[in-house]
Amino acid sequence: MSTPTRHTPYHQRFVELGAEMGDRIGFDAAVVFTSTEAEHIATRTGVGLYDVYYQGPIDIKGPDAQALLDHVLARDVPRRLASDGQVLYASVCNADGGMIDDLTAYRLGSEHYWLIATPARAEVVQAHVTEQAHGRRAYITNGISGTAYLSVQGPGSRELLAPLAAADLSNEALPYFRFVETVVADVPTLVSRTGYSGELGYELYYPRDYALHMWDTLIGAGATPCGLGALRSVRMEKKYPLYGLDVDETTSPLEAGLGWAVDLGSSFVGRDALARQHDGGITRVLAGIEFPDLSFVPAAGDTASSADGETLGTLTSTDRGWFLGKALAMGYLPAALPSGSVVTVTSAGGVTAEGQTTHRPFYDPDGTRVRA
(Lines give C-alpha, C1' and ligand atoms only; values in the text may rest on other atoms or scores of the structure.)
Protein backbone atom coordinates (compact mmCIF):
# COMPACT_ATOMS: atom_id res chain seq x y z
CA MET A 1 0.00 0.00 0.00
CA SER A 2 1.39 3.41 -0.97
CA THR A 3 1.87 6.14 1.63
CA PRO A 4 -0.85 8.81 1.32
CA THR A 5 0.28 12.26 0.18
CA ARG A 6 -0.94 15.34 2.03
CA HIS A 7 -1.91 18.54 0.22
CA THR A 8 -2.06 22.12 1.39
CA PRO A 9 -5.31 23.94 0.51
CA TYR A 10 -3.61 25.66 -2.45
CA HIS A 11 -2.59 22.45 -4.22
CA GLN A 12 -5.10 22.95 -7.03
CA ARG A 13 -3.59 26.34 -7.86
CA PHE A 14 -0.05 24.93 -7.73
CA VAL A 15 -0.98 22.28 -10.30
CA GLU A 16 -2.68 24.86 -12.53
CA LEU A 17 0.46 27.03 -12.42
CA GLY A 18 2.70 24.09 -13.28
CA ALA A 19 4.73 24.31 -10.09
CA GLU A 20 7.59 21.89 -9.52
CA MET A 21 6.55 19.90 -6.47
CA GLY A 22 8.58 18.13 -3.81
CA ASP A 23 7.93 16.01 -0.76
CA ARG A 24 8.13 17.79 2.60
CA ILE A 25 7.25 15.52 5.55
CA GLY A 26 4.61 13.84 3.40
CA PHE A 27 3.20 17.03 1.88
CA ASP A 28 3.27 17.68 -1.86
CA ALA A 29 4.79 21.16 -1.58
CA ALA A 30 5.56 23.80 -4.23
CA VAL A 31 9.34 24.13 -4.63
CA VAL A 32 9.47 26.47 -7.62
CA PHE A 33 6.93 28.08 -9.97
CA THR A 34 9.14 29.81 -12.58
CA SER A 35 12.72 29.90 -11.29
CA THR A 36 14.15 30.22 -7.81
CA GLU A 37 16.18 33.23 -8.94
CA ALA A 38 13.13 35.09 -10.30
CA GLU A 39 11.06 34.34 -7.21
CA HIS A 40 13.93 35.39 -4.93
CA ILE A 41 14.33 38.71 -6.77
CA ALA A 42 10.55 39.28 -6.72
CA THR A 43 10.64 38.95 -2.92
CA ARG A 44 13.51 41.41 -2.62
CA THR A 45 12.03 43.99 -4.99
CA GLY A 46 8.25 43.47 -4.98
CA VAL A 47 5.94 40.98 -3.25
CA GLY A 48 6.44 37.24 -2.94
CA LEU A 49 3.62 34.93 -1.83
CA TYR A 50 4.62 31.77 0.04
CA ASP A 51 2.76 28.73 1.30
CA VAL A 52 4.58 26.64 3.91
CA TYR A 53 3.08 23.15 3.96
CA TYR A 54 2.52 22.61 7.72
CA GLN A 55 2.59 26.09 9.23
CA GLY A 56 0.00 26.98 11.82
CA PRO A 57 -0.87 27.28 15.48
CA ILE A 58 -0.31 24.97 18.40
CA ASP A 59 -2.97 26.52 20.60
CA ILE A 60 -2.40 26.80 24.37
CA LYS A 61 -5.16 27.94 26.70
CA GLY A 62 -5.78 27.96 30.43
CA PRO A 63 -4.94 29.74 33.70
CA ASP A 64 -1.44 28.22 33.65
CA ALA A 65 -0.71 28.84 29.96
CA GLN A 66 1.75 31.63 30.65
CA ALA A 67 3.56 29.64 33.34
CA LEU A 68 3.80 26.69 30.97
CA LEU A 69 5.40 28.78 28.23
CA ASP A 70 7.75 30.36 30.74
CA HIS A 71 8.87 26.82 31.55
CA VAL A 72 9.34 25.56 27.98
CA LEU A 73 10.63 28.67 26.19
CA ALA A 74 14.14 30.00 26.81
CA ARG A 75 12.70 33.48 27.42
CA ASP A 76 11.25 35.54 30.24
CA VAL A 77 7.70 35.11 28.97
CA PRO A 78 5.88 37.33 31.52
CA ARG A 79 8.18 40.22 30.58
CA ARG A 80 8.65 39.54 26.87
CA LEU A 81 4.98 38.72 26.14
CA ALA A 82 3.43 41.25 28.47
CA SER A 83 0.51 42.36 26.28
CA ASP A 84 -1.89 40.94 23.72
CA GLY A 85 -0.73 41.23 20.12
CA GLN A 86 2.93 40.58 20.82
CA VAL A 87 5.06 37.98 19.03
CA LEU A 88 8.21 36.49 20.57
CA TYR A 89 11.04 34.54 18.95
CA ALA A 90 12.28 31.74 21.21
CA SER A 91 14.02 28.40 21.44
CA VAL A 92 12.55 25.29 23.00
CA CYS A 93 15.38 23.33 24.63
CA ASN A 94 15.91 19.91 26.13
CA ALA A 95 17.49 19.43 29.55
CA ASP A 96 20.97 19.53 28.00
CA GLY A 97 20.32 22.89 26.34
CA GLY A 98 19.95 21.37 22.87
CA MET A 99 17.36 22.91 20.58
CA ILE A 100 14.10 21.02 20.16
CA ASP A 101 13.01 23.88 17.89
CA ASP A 102 13.21 27.61 17.32
CA LEU A 103 9.77 29.15 16.90
CA THR A 104 7.51 32.12 17.51
CA ALA A 105 5.02 32.57 20.35
CA TYR A 106 1.90 34.74 20.07
CA ARG A 107 -0.06 36.21 22.96
CA LEU A 108 -3.77 36.32 22.08
CA GLY A 109 -4.85 36.81 25.70
CA SER A 110 -3.56 36.45 29.25
CA GLU A 111 -4.63 32.79 29.16
CA HIS A 112 -4.34 32.16 25.42
CA TYR A 113 -1.19 31.71 23.32
CA TRP A 114 -0.06 30.24 20.03
CA LEU A 115 3.20 28.51 19.19
CA ILE A 116 4.20 28.52 15.52
CA ALA A 117 6.81 25.78 15.17
CA THR A 118 9.07 24.70 12.33
CA PRO A 119 6.77 22.48 10.21
CA ALA A 120 8.92 19.37 10.56
CA ARG A 121 9.07 19.89 14.35
CA ALA A 122 5.47 20.86 15.08
CA GLU A 123 4.36 17.47 16.39
CA VAL A 124 7.57 17.07 18.41
CA VAL A 125 6.99 20.49 19.98
CA GLN A 126 3.34 19.66 20.67
CA ALA A 127 4.32 16.42 22.41
CA HIS A 128 7.02 18.14 24.46
CA VAL A 129 4.74 20.97 25.58
CA THR A 130 1.96 18.50 26.40
CA GLU A 131 4.36 16.50 28.55
CA GLN A 132 5.53 19.63 30.35
CA ALA A 133 1.89 20.67 30.92
CA HIS A 134 1.26 17.70 33.22
CA GLY A 135 -0.24 18.98 36.47
CA ARG A 136 -0.85 22.45 35.04
CA ARG A 137 -4.17 23.99 34.02
CA ALA A 138 -3.09 24.44 30.41
CA TYR A 139 -4.63 22.73 27.41
CA ILE A 140 -2.82 22.13 24.13
CA THR A 141 -4.56 21.73 20.75
CA ASN A 142 -2.96 21.31 17.34
CA GLY A 143 -4.83 23.73 15.08
CA ILE A 144 -2.51 23.50 12.08
CA SER A 145 -4.63 21.36 9.75
CA GLY A 146 -7.69 23.57 10.23
CA THR A 147 -5.79 26.80 9.63
CA ALA A 148 -4.74 28.19 6.26
CA TYR A 149 -1.49 30.11 6.04
CA LEU A 150 0.14 32.45 3.53
CA SER A 151 3.24 34.61 3.87
CA VAL A 152 3.27 37.92 2.01
CA GLN A 153 6.88 39.11 1.84
CA GLY A 154 8.66 42.00 0.17
CA PRO A 155 8.98 45.80 0.16
CA GLY A 156 5.62 46.12 -1.59
CA SER A 157 3.72 43.88 0.83
CA ARG A 158 2.13 46.68 2.87
CA GLU A 159 1.00 48.53 -0.24
CA LEU A 160 -0.56 45.32 -1.56
CA LEU A 161 -2.27 44.24 1.68
CA ALA A 162 -3.43 47.59 3.05
CA PRO A 163 -6.40 48.08 0.67
CA LEU A 164 -7.59 44.55 1.49
CA ALA A 165 -7.32 44.83 5.28
CA ALA A 166 -9.76 46.46 7.68
CA ALA A 167 -6.95 47.19 10.18
CA ASP A 168 -4.28 49.85 9.91
CA LEU A 169 -1.10 48.13 8.69
CA SER A 170 1.16 51.15 9.03
CA ASN A 171 4.45 50.74 10.85
CA GLU A 172 3.11 52.83 13.71
CA ALA A 173 -0.02 50.72 14.14
CA LEU A 174 1.55 47.31 13.45
CA PRO A 175 5.31 47.29 14.08
CA TYR A 176 7.66 44.39 13.60
CA PHE A 177 6.79 41.32 15.72
CA ARG A 178 3.24 42.41 16.47
CA PHE A 179 -0.03 40.98 15.16
CA VAL A 180 -3.63 42.06 14.79
CA GLU A 181 -6.86 40.09 14.37
CA THR A 182 -8.76 41.75 11.55
CA VAL A 183 -10.47 41.09 8.21
CA VAL A 184 -8.52 40.66 4.97
CA ALA A 185 -10.37 40.22 1.66
CA ASP A 186 -13.58 39.75 3.70
CA VAL A 187 -11.98 36.87 5.63
CA PRO A 188 -11.34 36.89 9.42
CA THR A 189 -7.54 36.82 9.57
CA LEU A 190 -4.73 37.06 12.07
CA VAL A 191 -2.10 39.28 10.42
CA SER A 192 1.38 38.97 11.88
CA ARG A 193 4.23 41.36 11.06
CA THR A 194 6.75 38.54 10.77
CA GLY A 195 8.40 36.34 8.14
CA TYR A 196 11.46 34.39 7.03
CA SER A 197 12.63 36.61 4.17
CA GLY A 198 14.37 39.54 5.84
CA GLU A 199 11.96 41.97 4.15
CA LEU A 200 8.91 43.88 5.25
CA GLY A 201 6.31 41.14 5.39
CA TYR A 202 3.17 39.67 6.90
CA GLU A 203 2.07 36.16 7.78
CA LEU A 204 -1.66 35.45 7.47
CA TYR A 205 -3.62 32.82 9.42
CA TYR A 206 -7.31 32.23 8.68
CA PRO A 207 -9.90 29.44 8.34
CA ARG A 208 -8.92 26.86 5.75
CA ASP A 209 -12.32 27.17 4.07
CA TYR A 210 -11.24 30.51 2.57
CA ALA A 211 -7.84 29.41 1.30
CA LEU A 212 -8.39 29.58 -2.45
CA HIS A 213 -10.27 32.87 -2.15
CA MET A 214 -7.33 34.39 -0.26
CA TRP A 215 -4.76 33.01 -2.71
CA ASP A 216 -6.68 34.28 -5.73
CA THR A 217 -7.17 37.70 -4.15
CA LEU A 218 -3.50 38.17 -3.32
CA ILE A 219 -2.31 36.92 -6.71
CA GLY A 220 -4.87 39.18 -8.36
CA ALA A 221 -3.50 42.12 -6.36
CA GLY A 222 -0.03 41.52 -7.84
CA ALA A 223 1.82 39.07 -5.58
CA THR A 224 4.27 36.65 -7.21
CA PRO A 225 3.82 32.97 -6.31
CA CYS A 226 7.06 31.71 -4.77
CA GLY A 227 8.22 28.24 -3.82
CA LEU A 228 10.27 26.77 -1.02
CA GLY A 229 13.44 27.12 -3.10
CA ALA A 230 13.20 30.91 -2.91
CA LEU A 231 12.24 30.80 0.76
CA ARG A 232 15.44 28.91 1.50
CA SER A 233 17.63 31.24 -0.55
CA VAL A 234 16.22 34.49 0.89
CA ARG A 235 16.62 33.12 4.42
CA MET A 236 20.25 32.25 3.63
CA GLU A 237 20.99 35.86 2.66
CA LYS A 238 19.71 36.83 6.13
CA LYS A 239 21.70 34.03 7.81
CA TYR A 240 18.52 32.71 9.43
CA PRO A 241 19.15 29.18 10.76
CA LEU A 242 17.03 26.33 9.41
CA TYR A 243 16.10 23.56 11.81
CA GLY A 244 17.43 20.17 10.77
CA LEU A 245 20.36 21.69 8.89
CA ASP A 246 21.87 24.46 11.03
CA VAL A 247 20.32 23.64 14.40
CA ASP A 248 19.08 20.50 16.11
CA GLU A 249 19.06 18.85 19.53
CA THR A 250 22.86 18.64 19.55
CA THR A 251 23.28 22.41 19.13
CA SER A 252 22.46 25.09 21.67
CA PRO A 253 21.01 28.54 20.99
CA LEU A 254 24.26 30.05 22.27
CA GLU A 255 26.27 28.10 19.68
CA ALA A 256 23.74 29.01 16.98
CA GLY A 257 24.28 32.73 17.59
CA LEU A 258 20.88 33.08 19.24
CA GLY A 259 22.11 34.13 22.68
CA TRP A 260 20.24 37.41 22.24
CA ALA A 261 17.02 35.34 22.45
CA VAL A 262 17.95 33.49 25.66
CA ASP A 263 16.95 34.92 29.05
CA LEU A 264 19.16 33.14 31.55
CA GLY A 265 17.51 35.06 34.39
CA SER A 266 14.37 33.03 33.76
CA SER A 267 13.76 29.40 34.75
CA PHE A 268 13.13 27.03 31.84
CA VAL A 269 13.99 23.55 30.65
CA GLY A 270 17.69 23.55 29.75
CA ARG A 271 18.47 26.79 31.58
CA ASP A 272 21.14 25.29 33.87
CA ALA A 273 22.97 23.67 30.97
CA LEU A 274 22.94 26.93 29.01
CA ALA A 275 24.14 28.87 32.04
CA ARG A 276 27.10 26.52 32.38
CA GLN A 277 27.86 26.87 28.70
CA HIS A 278 27.59 30.65 28.95
CA ASP A 279 29.90 30.85 31.95
CA GLY A 280 32.43 28.41 30.54
CA GLY A 281 32.36 29.88 27.04
CA ILE A 282 31.29 28.22 23.81
CA THR A 283 33.90 26.56 21.62
CA ARG A 284 32.00 26.74 18.33
CA VAL A 285 29.55 29.14 16.73
CA LEU A 286 27.32 29.08 13.67
CA ALA A 287 29.12 31.39 11.25
CA GLY A 288 28.39 32.57 7.75
CA ILE A 289 30.81 32.19 4.84
CA GLU A 290 30.50 34.50 1.84
CA PHE A 291 32.11 33.75 -1.52
CA PRO A 292 33.06 36.37 -4.14
CA ASP A 293 30.48 35.28 -6.73
CA LEU A 294 28.33 32.35 -7.88
CA SER A 295 31.06 30.45 -9.73
CA PHE A 296 31.56 28.04 -6.80
CA VAL A 297 28.57 26.90 -4.76
CA PRO A 298 29.57 24.53 -1.95
CA ALA A 299 27.38 21.80 -0.49
CA ALA A 300 26.39 20.95 3.05
CA GLY A 301 29.05 18.67 4.48
CA ASP A 302 31.94 20.38 2.69
CA THR A 303 34.86 21.24 4.97
CA ALA A 304 36.22 24.66 5.89
CA SER A 305 39.94 24.96 6.63
CA SER A 306 42.38 27.64 7.72
CA ALA A 307 45.25 28.94 5.57
CA ASP A 308 47.60 26.39 7.11
CA GLY A 309 45.27 23.49 6.32
CA GLU A 310 43.69 22.99 9.74
CA THR A 311 40.11 21.73 9.48
CA LEU A 312 37.85 24.27 11.18
CA GLY A 313 34.43 22.70 10.64
CA THR A 314 31.86 21.50 8.12
CA LEU A 315 29.14 23.41 6.34
CA THR A 316 25.59 22.89 7.55
CA SER A 317 23.72 24.63 4.72
CA THR A 318 24.53 26.44 1.50
CA ASP A 319 22.69 28.32 -1.22
CA ARG A 320 22.92 30.92 -3.93
CA GLY A 321 22.37 34.47 -2.71
CA TRP A 322 20.60 35.56 -5.87
CA PHE A 323 20.15 39.20 -4.88
CA LEU A 324 23.72 39.55 -3.62
CA GLY A 325 25.15 37.58 -6.55
CA LYS A 326 27.25 35.44 -4.22
CA ALA A 327 27.35 31.87 -2.98
CA LEU A 328 26.66 31.68 0.75
CA ALA A 329 27.11 29.06 3.44
CA MET A 330 26.77 28.47 7.15
CA GLY A 331 28.63 26.11 9.43
CA TYR A 332 29.98 25.65 12.92
CA LEU A 333 33.46 27.16 13.20
CA PRO A 334 35.70 27.83 16.23
CA ALA A 335 34.22 30.59 18.38
CA ALA A 336 37.67 32.20 18.63
CA LEU A 337 37.89 32.63 14.83
CA PRO A 338 37.38 36.35 14.14
CA SER A 339 34.60 37.52 11.84
CA GLY A 340 36.16 38.45 8.51
CA SER A 341 38.61 35.54 8.48
CA VAL A 342 39.44 33.94 5.15
CA VAL A 343 38.78 30.19 5.02
CA THR A 344 39.18 27.58 2.30
CA VAL A 345 36.18 25.39 1.54
CA THR A 346 36.79 22.04 -0.11
CA SER A 347 34.01 20.17 -1.91
CA ALA A 348 33.55 16.41 -1.90
CA GLY A 349 35.09 16.39 -5.38
CA GLY A 350 38.20 18.23 -4.23
CA VAL A 351 37.32 21.67 -5.65
CA THR A 352 38.44 24.51 -3.37
CA ALA A 353 37.44 28.14 -3.00
CA GLU A 354 38.14 30.90 -0.52
CA GLY A 355 35.38 32.60 1.42
CA GLN A 356 35.14 35.17 4.19
CA THR A 357 33.45 34.49 7.51
CA THR A 358 30.87 36.70 9.19
CA HIS A 359 28.75 36.58 12.32
CA ARG A 360 26.21 39.04 10.89
CA PRO A 361 23.55 38.60 8.19
CA PHE A 362 24.92 38.81 4.66
CA TYR A 363 21.97 40.97 3.55
CA ASP A 364 20.74 44.07 5.39
CA PRO A 365 22.82 43.27 8.49
CA ASP A 366 21.21 46.03 10.56
CA GLY A 367 17.69 44.73 9.90
CA THR A 368 16.27 48.01 8.64
CA ARG A 369 14.14 46.45 5.91
CA VAL A 370 12.03 44.20 8.17
CA ARG A 371 11.23 47.28 10.28
CA ALA A 372 10.38 49.58 7.36
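The values are calculated or read from the model by the stated rules, or taken from the named source; none is laboratory data. A quick note: this is a predicted structure, and the numbers were derived from the prediction, not measured. Neighbour counts run over all protein chains shown; Cβ positions are idealised from the backbone, glycine included. What goes into the accessible areas is simple: the full protein's heavy atoms, side chains included, and nothing from ligands, DNA or RNA. Shrake-Rupley method; radii C 1.70, N 1.55, O 1.52, S 1.80 Å.
How many Å² of accessible area per residue for the chain, probe 1.4 Å? It would help to have the intermediate numbers written out before the result.
Numbers: 15170 Å² over 372 residues.
Heavy-atom accessible area per residue stands at 41 Å².
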Q. Which residue, 357, 250, 36, tops the fluctuation ranking in a GNM of the chain built on C-alpha contacts under 10 Å?
A. 250
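Report the calculated FRET efficiency for residue 278 and residue 360 (r = Cβ-Cβ distance, R0 = 22 Å), to the nearest 0.05.
Working: r = 21 Å, r/R0 = 0.94.
E(calc), rounded to 0.05, equals 0.60.
Between residue 264 and residue 38, what length comes free when the chain is fully extended (0.36 nm per residue of separation minus the Cα-Cα distance, one decimal in nm)?
Numbers: separation 226, 0.36 × 226 = 81.36 nm, distance 4.23 nm.
Computed gain between residue 264 and residue 38 is 77.1 nm.
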**Q.** Cross-link partners of residue 326 among lysines (Cα-Cα below 28 Å; sequence separation of 8 or more within a chain)
**A.** 238, 239
Q.
Quick check for me: using +1 on Lys/Arg Cβ and -1 on Asp/Glu Cβ, what's the dipole size of the chain about its Cα centre, in debye to the nearest 20?
A. 440 debye
Q: Tally up the carbon and sulfur contribution to the accessible surface of the chain as a whole percent, 1.4 Å probe, everything protein left in place.
A: 50 percent
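Under the classification rounded if a/c is under 1.5, otherwise prolate if a/b is larger than b/c and oblate if not, where does the stretch 54-207 fall, given a ≥ b ≥ c as square roots of the Cα gyration tensor eigenvalues?
Values: a/c = 1.84, a/b = 1.77, b/c = 1.04.
Because a/c hits 1.5 or more and a/b exceeds b/c, the stretch 54-207 counts as prolate.
Rounded to the nearest 0.05, what FRET efficiency do residue 45 and residue 213 have when you use their Cβ-Cβ distance and R0 = 22 Å? Don't skip to the end; give the middle numbers.
Details: r = 27 Å, r/R0 = 1.22.
So the FRET efficiency works out to roughly 0.25.
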Q | Rough spin-label spacing in nm, given labels placed 7 Å along Cα→Cβ, for residue 137 and residue 79 | A | 2.7 nm
Q: Can you grab the distance from the C-alpha centre of the stretch 295-324 to the C-alpha centre of the stretch 247-289, Å, no decimals?
A: 23 Å
(Q) I'd like the accessible area for residue 252, computed on protein heavy atoms only with a 1.4 Å probe and all protein chains in place. Round to 10 Å², please. (A) 10 Å²
Q: Find how many whole Å separate the alpha carbon centroid of the stretch 153-177 from the alpha carbon centroid of the stretch 10-48.
A: 23 Å
